[in-house]
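Trainee: One structure is given below, represented as structure tokens, and several questions about it will come after.
Bear in mind that the values in this text are calculations on the coordinates, not laboratory data. All values reported here derive from a predicted model rather than from experimental measurement. Here Cβ is always computed from backbone atoms with ideal geometry, including for glycine, and neighbour counts include all displayed protein chains.
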Amino acid sequence: MRARDPKKERAIRARALDTIVRQGFDGLSMQKLAKEVGVSPATIYIYFEDRDDLILTLYREESRKMAEATLAGFDPGASFAVGLRVQWKNRARYCLENPREAHFLEQIRHSPFHSHDEPGKGRDFIEAMRAFCRGAIERGELVRVPVEVYWSVAFAPLYQLLKFHLHGRGLSGTPRFVLDEKLMDQTLDLVVKALTPVGATLAKPATKPAKKVIS
């Protein structure tokens with residue numbers, strides 16, 4: 001068996017990620033990838049069983065990184081408004097600092113590979129999110145809805161704003177779009193309100209509106 005070379009493996013992963021982001025999954029060919037990295041096709045199969053194994057390996061790695069970034073400073077026992085704000089700030093920071101990787105995860109989300117349930121996130125992340133939502137529901141801070149509905153309301157607005165920001169433009173006919181702290185907090189307040197049970201008191205955390213671009 002040929003020895004594994006960590007440097008070559010990193011080069012293969014990096015080039016594969018670039019290719020998928022630029023050309024989509026159909027643009028990733030093991031033969032073409034080998035040529036671009038400067039190795040033989042046989043070398044790639046030292047590290048990955050096949051094309052799908054390579055994509056899923058990238059998926060696991062990037063999911064793990066995103067999960068770790070999301071959990072930074074996050075307390076599952078925090079109030080819903082406070083805990084969701086920490087997640088938004090962490091997710092936004094990660095996506096803006098790693099736009100290529102964020103785009104890759106977005107591509108995965110709309111592909112058959114997403115059925116593998118983001119294996120790289122790990123049990124710690126899953127349990128933290130479950131405990132957070134369970135506690136918020138028990139305290140009457142969060143409506144009980146299917147997880148797909150929760151995710152769509154809680155996080156889809158953030159990712160759409162990040163897309164506008166990264167692309168440098170908003171909807172057709174509007175000027176350049178810039179996502180700043182004040183705008184993100186305004187959107188987050190609307191999200192928290194939408195997910196708060198009718199009649200419940202909103203626990204709004206103290207924030208300092210900032211005009212600088214999130215970075």
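Trainee: I'd like the orientation of helix 51-70 relative to the chain: the angle between its Cα long axis and the longest Cα principal axis, in ° from 0 to 90, rounded to 10.
Mentor: Approximately 30 degrees, to the nearest 10.
Trainee: Okay, next question. In degrees between 0 and 90, to the nearest 10, how far off the longest principal axis of the chain does helix 122-138 point, with axes built from Cα atoms?
Mentor: Taking Cα atoms only, the helix is inclined about 20 degrees.
Trainee: I would also like to ask the following. In µm²/s, what is D for the chain at 10 °C and 1.306 mPa s, where D = kT/(6 pi eta Rh) by Stokes-Einstein and Rh is the Kirkwood radius from Cα pairs?
Mentor: Estimated via Stokes-Einstein, D reaches 82 µm²/s.
Trainee: Which ordering of Lys7, Lys163 is given by a fewest-first count of other beta-carbon atoms within 10 Å?
Mentor: Lys7, Lys163
Trainee: Would you work out which of Ala81, Val178, Cys95 lies farthest towards the positive end of the dipole of the stretch 61-195? Charges go on Cβ: Lys and Arg +1, Asp and Glu -1.
Mentor: Looking along the dipole axis, the top candidate is Val178.
Trainee: Give me the dipole magnitude in Debye, nearest 20, for the stretch 1-48 about the Cα centre, with unit charges on the beta carbon: positive for Lys and Arg, negative for Asp and Glu.
Mentor: For this selection, approximately 180 debye.
Trainee: Answer with one residue from Tyr59, Pro157, Ser115: the one whose Cα lies farthest towards the positive end of the charge dipole of the chain, charges on Cβ with Lys, Arg +1 and Asp, Glu -1.
Mentor: Pro157
Trainee: Over 28 Å between Cα atoms: which of Lys35/Lys163; Lys7/Lys89; Lys35/Lys89; Lys7/Lys35 fall into that group?
Mentor: Those over the limit are Lys35/Lys163; Lys7/Lys89; Lys35/Lys89.
Trainee: What is the order of His103, His165, fewest Cβ neighbours within 10 Å to most?
Mentor: His103, His165
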